[in-house]
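Read the structure below first, then the notes.
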Amino acid sequence: MPVPRARRKIPRPVVGVLIFLLFLLITQTVYIRLVLFSRLEVDEDGEKQQLEGQKLWRLRAQLDTFRKRLDNYESEDSQRASPSLSLCCKNALTCKEKLKNCKTDADERGADLLHLNVSDMMLEQELSSQAYWLVIAIPTVRRTNKTGRVEIDYLTNTLDALKENLPVSANDPLWGKVKIVVYNNNAGAHKVFERNKERLASEIHFDFDDNKFPTPDKDASKKDEGSGAVPGYRVRQQTRDVVTTMRYIIKNYKFSYFLFMEDDFELCSHGFDAIRYLLDRATLYHGDWIAIRASYGLNGIFLQAQDVDKLANYFEQHQARRPPDHLIVEWFAGETKQAQKDKGDRVNIGFRYNLW
């Protein structure tokens, strides 16, 4: 039998070198493959970017083409519609100019209106801030003798008697707190009224005005003379004149107390001292009273501000039934259900002295 040869062992250092060379070969192979793969990817990305750039360029070219075509269409349309279009443009410009002018006018008028509103507000505030202690109402009419040719002057003496009793200094507590309203119910025909209006124009305690809006007569066609108890058309006219005067004062003045006066009664000396005394004493003793009488007829009757409108309505409603100097007693005495409702449990007072 043949004798087997003994295997030669490879030395360990050689084996280590071989293994190291094999490791280098494998590492180099892997590195080369990775580098090649990355280069392929970069080349693919570049090709993709190039393709996208070409597509974008084509889209831009198409967009420019479409814009040119659109401009051509618009120019053709404008050429076709140029006459009507130019006319429309002219009309539009004209309307725009008119609108601008209207806006300017509106702004100017708005400014004027604002100025007027501010002035009215200031006047209203000034009026509302001036609260009078006492307003004296004197309705007046033209008076003549029996022939009707000669005008009789009662009004001048009446106003002079009031003027003599008014405060003469701003240091007086009543200075500017009393207003005497002379109300002319014969506008344009009352010469005595016109003379006194001019004479007392500078007096702060006097106001003069004409009855421009008389209270209408519901029975204007009725010209009856009436009797002592039933008023005729002249007495009804007198009642309506009183009503108009009262409503004029309510509308134009703010006050605490109201006084009826007729145009032919002269106030006694120191009359305002007595008036201040009786109003203060009545309020102190009775609180909320309905009326104070210090004369006769329709003269010298004091009311509080809140009752003036109630009495004016009562006068107008019952003018055909009784004269005004009868109606006022009926009202403050509570002789009817309506009057009793206005009166309530308040007292009416008679001053022991006649001040006129």
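The values are calculated or read from the model by the stated rules, or taken from the named source; none is laboratory data. As the structure is a computational prediction, the values presented were derived from the model and not from experiment. Cβ sites come from the backbone with ideal geometry, for glycine too, and all protein chains shown count toward neighbours. These accessible areas exclude ligands, DNA and RNA; they are computed on the full protein's heavy atoms, side chains included. Shrake-Rupley method; radii C 1.70, N 1.55, O 1.52, S 1.80 Å.
Of note:
- Accessible surface of segment 281-354 [probe 1.4 Å, protein heavy atoms]: carbon and sulfur percent: 50 percent
- Of V182, V141, the residue with the largest accessible area leads and the full order is V141, V182 (1.4 Å probe).
- Segment H326-R143, length gained on full extension (0.36 nm per residue, minus Cα span): 63.6 nm
- Among 255-261, 143-149, the order from most to least packed when residues are scored by Cβ within 10 Å on average: 255-261, 143-149
- Spatial separation of Cα centroids for segment 288-313 and segment 239-259, in angstrom: 11 Å
- With every protein chain in place, segment 144-201: carbon and sulfur % of accessible area (1.4 Å): 48 percent
- Length available on full extension from K337 to R58: 0.36 nm per residue minus the Cα-Cα distance, which gives 90.1 nm.
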